[in-house]
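K.L.:
Starting off with a structure, shown below.
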Amino acid sequence: MGAQQVADRFAELYGAGPEGVWAAPGRVNLIGEHTDYNDGFVMPFALPHQVVAAVSRRTDGVLRLHSADIGGDITELRLDDLAPGGDHDWTAYPAGVVWALREAGHEITGADVHLASTVPTGAGLSSSAALEVVIALALNDLYDLGLKGWRLARLCQRAENVYVGAPTGIMDQTASACCEAGHALFLDTRDLSQQQIPFDLAAQGLRLLVVDTQVKHAHSGGEYGKRRAGCEKGAALLGVDALRDIPYDGLDAALARLGDEEEVVRLVRHVVTENERVERTVALLRSGDPRAIGPVLTEGHASLRDDFRISCPELDLVVDTALVGGALGARMTGGGFGGSAIVLAEAADVETLTKSVEEAFAAAGLTAPRVFEAVPSAGARRLV
Ligand code: ADP
Ligand code: MG
């Protein structure tokens, strides 16, 4: 999606060219799943897929929104009418960002927006965060708000949590706002400290495939809430603020204290071991050994499948088929119950692996998955 194309369409819709054009990417989480609401570690990287938005300021308290991917008429909203809750369509994401900025005391007097995206929606690749971040960054630059990095991400998270009503952690917005090309972002969700970890796969003869299963099982929302509540229960039973506070070498003792709380035991085990897997991945990448993270990814999948219990047959099929086909590692990524899996493989094996996953889906009578290569790409930025 070219900046010029989006700017040209903006001019057609609104009668004059935009003041600027911005982009914000979707993301894939390499490792660190369901740790973000436990104050733990995550490690996403940005995709080349992004939302591109052309934006101009207005002075009359009006927000006008248009998406090339939705089509139809321009949506016109009055800033003073923006309020959380209620039935929202896609415009809740950008409107929520404007609401969150104003609520935080930033003076926004209106905007015209036209956007277009290459981030697949509902595939666990965070098209919603990309949409929020691109709007926040555009308004930040145009209104000179001085917001950067996690501060910008926090406001976008607030838009999604409060305005849209989706209880998500801070990872997606931070990834979209802060990632750098050729790197994965090691993020501590407790204090939001971050480190860019070199993750240049192509230079090492490696590829990371994203396999979008194109399934989304309907109960995913409720199950997310249950896992979150279960983790909170675990922390309360163990007398800590968050499961992050259980060290890996104290895991056995913690599980023993939980006794016959079987479900809580499984959830706690996943979160504590997953934090350790993130730290191990960081160490392996720092030591220049990206191939060695393959088994860590696969361990993570087993933990999500057996302990956290949020995988599904389609995701397991991707992982199992990829591993049989010689992948270095594979795991589901994102919230679970559908969405996407990632596969780490030698560049030379990509074609046969892709074919074998496609064949396995066809043989199981499933919709063909969408397979693409994920190149660690730049975070949100101004294009024009
Ligand atoms: P994910 O973030 O995993 O892609 P979500 O359900 O959180 O899935 O967000 C998807 C929603 O974000 C879409 O249903 C739509 O409302 C909004 N959205 C994403 N991309 C666009 C776009 N290009 N144009 C309009 N709305 C979009
Ligand atoms: Mg989302």
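The values are calculated or read from the model by the stated rules, or taken from the named source; none is laboratory data. All figures in this text were calculated on a predicted structure; none of them were measured in a lab. Neighbour counts run over all protein chains shown; Cβ positions are idealised from the backbone, glycine included.
K.L.:
All but one of (1) under 23 Å from R370 (Cβ atoms); (2) in a loop (DSSP other than H, G, I, E, B); (3) not basic (K, R) hold for A130, so report the exception by its number.
P.N.:
Condition not satisfied by A130: (2).
K.L.:
Quick check on the stretch 20-49: of everything there that is farther than 30 Å from S303 by Cβ and touching a helix residue (DSSP H, G or I) at 6+ places or on another chain (Cβ under 6 Å), which residue is surrounded by the fewest Cβ atoms within 10 Å (Cβ to Cβ)? Quick ask: steps written out before the conclusion?
P.N.:
First, the residues of the stretch 20-49 that are farther than 30 Å from S303 by Cβ: 20-24.
Going one step further and asking which of them are touching a helix residue (DSSP H, G or I) at 6+ places or on another chain (Cβ under 6 Å), we end up with 21-22, 24.
Numbers: V21: 24, W22: 29, A24: 34.
Only one residue fits best here, namely V21.
K.L.:
Would you confirm whether any residue within the stretch 96-116 is within 16 Å of ligand 2 (Cβ to nearest atom), among the small types (G, A, S), more than 18 Å from I170 (Cβ to Cβ) and touching a Leu at 6+ places or on another chain (Cβ under 9 Å)?
P.N.:
No, every residue in the stretch 96-116 fails to be within 16 Å of ligand 2 (Cβ to nearest atom), among the small types (G, A, S), more than 18 Å from I170 (Cβ to Cβ) and touching a Leu at 6+ places or on another chain (Cβ under 9 Å).
K.L.:
Something else about it: When both residues are 6+ apart or on different chains and their Cβ atoms are under 9 Å apart, which pairs have a first residue that lies in the stretch 359-374 and is closer than 17 Å to V324 by Cα, and a second that is buried (at least 18 other Cβ atoms within 10 Å of the Cβ) and of a type outside the set (A, V, I, L, M, F, W, C)?
P.N.:
Listed by first residue and then by second, the contacts come to E359/T321; A360/T321; F361/T213; F361/E314; F361/T321; F361/P369; A364/E314.
K.L.:
Scan the stretch 359-384 for residues that are surrounded by 15 or more Cβ atoms within 10 Å (Cβ to Cβ) and within 24 Å of A302 (Cβ to Cβ) and jot them down.
P.N.:
Scanning the stretch 359-384 gives A360, F361, L366, P369, V371, A374.
K.L.:
Related question: So the check is Cβ under 6 Å with 6+ separation or different chains; which pairs have a first residue in the stretch 278-300 that's within 19 Å of T35 (Cα to Cα) and a second one that's among the hydroxyl-bearing types (S, T, Y)?
P.N.:
Filtered contacts from the stretch 278-300: I293/T281; V296/T281.
K.L.:
Another question, then. Please go through (1) at pLDDT 95 or above; (2) surrounded by fewer than 19 Cβ atoms within 10 Å (Cβ to Cβ); (3) not in a helix (DSSP H, G or I) for V55 and return the number of the only condition it doesn't satisfy.
P.N.:
(2)
K.L.:
Go through the stretch 238-265 and give me each residue that's more than 14 Å from N38 (Cβ to Cβ) and of a type outside the set (G, A, S). Reasoning before the result, please.
P.N.:
Here is the first cut: in the stretch 238-265, the residues more than 14 Å from N38 (Cβ to Cβ) are 239, 249-250, 252-253, 255-263, 265.
Residues satisfying the conditions are D249, D252, L255, R257, L258, D260, E261, E262, E263, V265.
K.L.:
While we're here: Take the residues of the stretch 68-89 that are within 25 Å of the chain's Cα centre (by Cα), away from ligand 2 (no atom under 16 Å from the Cβ) and not hydrophobic (A, V, I, L, M, F, W, C): which is surrounded by the most Cβ atoms within 10 Å (Cβ to Cβ)?
P.N.:
Within the stretch 68-89, the match that is surrounded by the most Cβ atoms within 10 Å (Cβ to Cβ) is P84.
K.L.:
Here is a follow-up. All but one of (1) of a type outside the set (A, V, I, L, M); (2) in a strand (DSSP E or B); (3) exposed (fewer than 14 other Cβ atoms within 10 Å of the Cβ) hold for D241; which doesn't?
P.N.:
All conditions pass for D241, except number (2).
K.L.:
Please determine, by comparing only the residues of the stretch 128-154 that are under 23 Å from G86 (Cα atoms), buried (at least 24 other Cβ atoms within 10 Å of the Cβ) and not β-branched (V, I, T), which one is farthest from the chain's Cα centre (by Cα). Let's see the steps before the verdict.
P.N.:
Applying the first criterion (under 23 Å from G86 (Cα atoms)) to the stretch 128-154 yields 128-133, 135-136, 154.
From the residues that got through so far, the ones that are buried (at least 24 other Cβ atoms within 10 Å of the Cβ) too are 128-133, 135-136.
Checking the rest, the ones that are also not β-branched (V, I, T) come to 128-132, 136.
Working: S128: 9, A129: 7, A130: 9, L131: 12, E132: 12, A136: 17 Å.
Here the answer is A136.
K.L.:
List the helices (runs of 4 or more DSSP H) inside the stretch 272-380, counting only whole elements, that have at least 3 residues being under 21 Å from G40 (Cβ atoms). Working first, answer last.
P.N.:
Details: elements: 294-306, 313-324, 350-363.
Ranges flagged: 294-306.
K.L.:
In the list G294, G300, G379, which residue meets the criterion of being in contact with a Cys (Cβ under 7 Å, 6 or more places away or on another chain) and either on the phi < 0 side of the Ramachandran plot or of a type in the set (V, I, T) (or both)?
P.N.:
Only one candidate qualifies: G379.
K.L.:
What is the one condition in (1) assigned to a strand (DSSP E or B); (2) touching a residue at least 24 places away in the same chain (Cβ under 8 Å) that H106 does not satisfy?
P.N.:
(1)
K.L.:
V119 passes all but one of (1) part of a loop (DSSP other than H, G, I, E, B); (2) away from ligand 2 (no atom under 16 Å from the Cβ); (3) crowded, with 24+ Cβ neighbours inside 10 Å; which number fails?
P.N.:
So the condition that V119 fails would be (2).
K.L.:
Take the stretch 163-201 and flag every residue that is surrounded by fewer than 20 Cβ atoms within 10 Å (Cβ to Cβ), more than 16 Å from ligand 1 (Cβ to nearest atom) and among the small types (G, A, S).
P.N.:
A181, G182, S193
K.L.:
Let me ask something additional. Starting from residues that are surrounded by fewer than 23 Cβ atoms within 10 Å (Cβ to Cβ) and touching a residue at least 60 places away in the same chain (Cβ under 8 Å), keep the ones in the stretch 324-336 and report whichever is farthest from the chain's Cα centre (by Cα). Steps first, answer last, please.
P.N.:
Of the stretch 324-336, the ones surrounded by fewer than 23 Cβ atoms within 10 Å (Cβ to Cβ) are 324-326, 328, 335.
Narrowing further to those that are touching a residue at least 60 places away in the same chain (Cβ under 8 Å): 328, 335.
Values: L328: 23, G335: 9 Å.
Here the residue is L328.
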